[in-house]
Amino acid sequence: MTNQPLLIVVLAAGKGVRMRSSVPKVLHAVAGRSMLAHALATARAAGADNLALVVAPGMEAVRVEAAKVAPGIEVFEQATQAGTGNALLAARPALERHRGDVIVLYADTPLVEAATLRRLIAALDAGAQIAALGFEAPDATGYGRLLLDAKGRVKAICEHNDAGEEERRIGLCNAGAMAFRVPKLAELLSRITNTNAKGEYYLTDVVAIAAADGSITLPARCAPEEALGINSREQLAAAEAVFQNRARRKVMAEGATLVAPETVWLSFDTVIGRDVTIEPNVFFGPGVVVEDGAHIMANCHLVGARIGKGARIGPFARFRPGADIGEKARIGNFVEVKNARFETGAKANHLAYIGDGRVGEGANIGAGTIFCNYDGFNKHFTDVGKGVFVGSNSSLVAPVKIGDGAYIGSGSVITRNVEPDALALERSAQEQRPGWAAKFRTLMGRRKKSA
Ligand code: UD1
Ligand code: CA
């Protein structure tokens, strides 16, 4: 039975009023990725053969995000936001076409794991027509409650607003995800009414309706952290915290040292190798790979960067997209690297901007060096060869190429290519007046006394 074709429908049409945002709720990010993308990735990982998404009219940005993370996903519009039951029915054409199991997943519960969705399918395999995901909420406010019968089956789901005192005391809450092995699901859904506190068509009512027909709903369970539903900014921050703790534990389990794990911020896709050490207060935006044995000193900020084997970076260094730091390279304090490659053992130890360029093997970039990559209209490339020495406070005005082994005198503004092994120096001749300072001091000292 387990190999039934699986359709997963993600609901994302809700207004998300409680976020107080002009951005649709499901586009708010957890660990550098929208809640919607989390939900779609989970749906994929759970083995969905088909994916469908329900949005509200005008949610163009949501469609764009969905197409980006799940190309080819079928998108349906729910004309008015009349509740989750009505939302699932908006995907009617997909439901009617599909032969097999259906899972509905709310886009505002981004932490639900694929393995948990598979447990819903297992509940269907155990003989149920419907499976509902339950969890023991430390604070159940706002969640629907699963009402179980003596056999441990779900009789009904009661929404918080419609629950009496007694029902509110029930600890088992509805996480939102449900699975169906119901041949005519759309028909069943169309029997849901809106006679409740909110005047909405609740998907959760389907359980009691099906029970009246003799259908069985079984509960599957998950951890409360996983079931966090995000309706407000506070819950968004709570989900972020859950995600971060999971991610930190994972990188430590895989062999990285986090000196103060609670101060390291990871993204959904951060890859950290073995024997990497990460000092306190480091932020990883999306797209970062840190290879084995690298050492990241305190207060670094990285987005879209690769840190090669055994490289040492920071403290206080910034890596923007396309920063590619080679093996045993060294990037020190107050250095910013963007779209630039440091080859093996290359160094920029202090105060530099390296944008749109290459720094060859073993080259040394002195303090205060700037790659002047932008002329106000276009970006240009700076190519620094193997073993080059760039003296402090130099400006390399791109496009420019510094040949292997060349030497740039401190303070130079380099606008033309430099030959390999040459010295390039661009500064006015130094003037020197012997004894001037001593005379100056005597003169000024006298003036001050007589004044
Ligand atoms: C819902 C459940 C509740 C459960 C909780 C878990 C219902 C009736 N209640 O409540 O039992 O404990 O989730 O987090 O299902 N949506 C639409 N169209 C609509 C309304 C909602 O697409 O007309 C989407 C939303 O975008 C959201 C999801 O459905 O992704 C859940 O809607 P929401 O209004 O947040 O439901 P809750 O009140 O949290
Ligand atoms: Ca919700």
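Each row is one residue, and each column tells you yes or no for (1) part of a strand (DSSP E or B); (2) modelled with pLDDT under 95; (3) of a type in the set (G, A, S); (4) out of contact with any Asp or Glu (no Cβ under 6 Å at 6 or more places or on another chain).
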residue	(1), (2), (3), (4)
N194	no, no, no, no
K198	no, yes, no, yes
D205	no, no, no, yes
S215	no, no, yes, yes
A239	no, no, yes, yes
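Within segment 394-415, does at least one residue satisfy the condition of being closer than 23 Å to A311 by Cβ, without any contact (Cβ under 8 Å) to a residue 60 or more places away in the chain and among the hydrophobic types (A, V, I, L, M, F, W, C)? Yes, the conditions are met somewhere in segment 394-415.
Filter segment 24-47 down to the residues that are among the aliphatic types (A, V, I, L, M) and within 16 Å of ligand 2 (Cβ to nearest atom), then identify the one that is surrounded by the fewest Cβ atoms within 10 Å (Cβ to Cβ). Reasoning before the result, please.
As a first pass, look at segment 24-47 and keep what is among the aliphatic types (A, V, I, L, M): 26-27, 29-31, 35-37, 39-41, 43, 45-46.
Applying the additional criterion that residues be within 16 Å of ligand 2 (Cβ to nearest atom) yields 26-27, 30, 35-36, 39.
Working: V26: 31, L27: 19, V30: 23, M35: 26, L36: 28, A39: 29.
Selected residue: L27.
In segment 80-87, is there at least one residue being in contact (Cβ under 8 Å) with a residue 12 or more places away in the chain and away from ligand 2 (no atom under 16 Å from the Cβ)? Checked against the condition, which is being in contact (Cβ under 8 Å) with a residue 12 or more places away in the chain and away from ligand 2 (no atom under 16 Å from the Cβ), segment 80-87 yields no hits at all. Checking each residue of segment 169-186 against the condition of being away from ligand 2 (no atom under 16 Å from the Cβ), of a type in the set (D, E, K, R) and at pLDDT below 95 gives at least one match. For segment 56-72, the set of residues classified as of a type in the set (V, I, T) and surrounded by fewer than 20 Cβ atoms within 10 Å (Cβ to Cβ) consists of V64, V69, listed by residue number. Selection of segment 225-262 for residues being in contact (Cβ under 8 Å) with a residue 12 or more places away in the chain, exposed (fewer than 15 other Cβ atoms within 10 Å of the Cβ) and under 19 Å from V23 (Cβ atoms) yields only R233. If you go through segment 267-306 and keep only what is more than 16 Å from G32 (Cβ to Cβ) and touching a Cys at 6+ places or on another chain (Cβ under 9 Å), you end up with I278, E279, N281. The listed residues are G134, G127, and the only one of them that is within 10 Å of ligand 1 (Cβ to nearest atom), small (G, A, S) and within 19 Å of L146 (Cα to Cα) turns out to be G134.
Within segment 226-237, the set of residues being part of a helix (DSSP H, G or I) and within 13 Å of ligand 1 (Cβ to nearest atom) comprises E226, A227, Q235, L236.
If you check T257, T193, T217, which single one turns out to be under 23 Å from G32 (Cα atoms), more than 12 Å from ligand 1 (Cβ to nearest atom) and among the hydroxyl-bearing types (S, T, Y)?
Numbers: T193 fails: under 23 Å from G32 (Cα atoms); T217 fails: under 23 Å from G32 (Cα atoms).
Result of the check over T257, T193, T217: T257.
Close Cβ contacts (under 7 Å, 6 or more residues apart or on different chains) running from residues in segment 425-436 that are closer than 23 Å to A406 by Cα to residues that are modelled with pLDDT of 95 or more and surrounded by 10 or more Cβ atoms within 10 Å (Cβ to Cβ) comprise L425/G409; L425/S412; E426/S412; E426/V413; E426/I414; R427/G409; R427/G411; R427/S412. Examine segment 171-189 for a residue that is more than 36 Å from the chain's Cα centre (by Cα), in a loop (DSSP other than H, G, I, E, B) and at negative phi, and state whether such a residue exists. Yes, the conditions are met somewhere in segment 171-189.
Conditions tested, residue by residue: (1) assigned to a helix (DSSP H, G or I); (2) more than 13 Å from ligand 1 (Cβ to nearest atom).
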{"position": "A13", "(1), (2)": "no, no"}
{"position": "S22", "(1), (2)": "no, yes"}
{"position": "V26", "(1), (2)": "yes, no"}
{"position": "H38", "(1), (2)": "yes, no"}
{"position": "V54", "(1), (2)": "no, no"}
{"position": "V75", "(1), (2)": "no, no"}
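For segment 7-20, the candidate set comprises residues that are in contact with a His (Cβ under 9 Å, 6 or more places away or on another chain) and either at pLDDT 95 or above or hydrophobic (A, V, I, L, M, F, W, C) (or both); within that set, the residue that is farthest from ligand 2 (Cβ to nearest atom) is L7.
Give the residue, chosen from A163, A186, A197, that is closer than 17 Å to G83 by Cα and in contact with a Lys or Arg (Cβ under 9 Å, 6 or more places away or on another chain). Give the derivation first.
Numbers: A163 fails: closer than 17 Å to G83 by Cα; A197 fails: in contact with a Lys or Arg (Cβ under 9 Å, 6 or more places away or on another chain).
After ruling out the rest, the residue left standing is A186.
Only one of the numbered conditions (1) within 16 Å of ligand 2 (Cβ to nearest atom); (2) more than 26 Å from G47 (Cβ to Cβ); (3) not acidic (D, E) is violated by I209, and that is (1).
Considering every residue within segment 93-103, establish whether at least one is touching a Leu at 6+ places or on another chain (Cβ under 9 Å), touching a residue at least 24 places away in the same chain (Cβ under 8 Å), in a helix (DSSP H, G or I) and over 24 Å from T193 (Cα atoms). Taking every residue of segment 93-103 in turn, none turns out to be touching a Leu at 6+ places or on another chain (Cβ under 9 Å), touching a residue at least 24 places away in the same chain (Cβ under 8 Å), in a helix (DSSP H, G or I) and over 24 Å from T193 (Cα atoms).
The values are calculated or read from the model by the stated rules, or taken from the named source; none is laboratory data. Not measured: the values here are computed from a predicted model. FYI the Cβ positions are ideal-geometry reconstructions off the backbone, even for glycines, and counts take in every protein chain you see.
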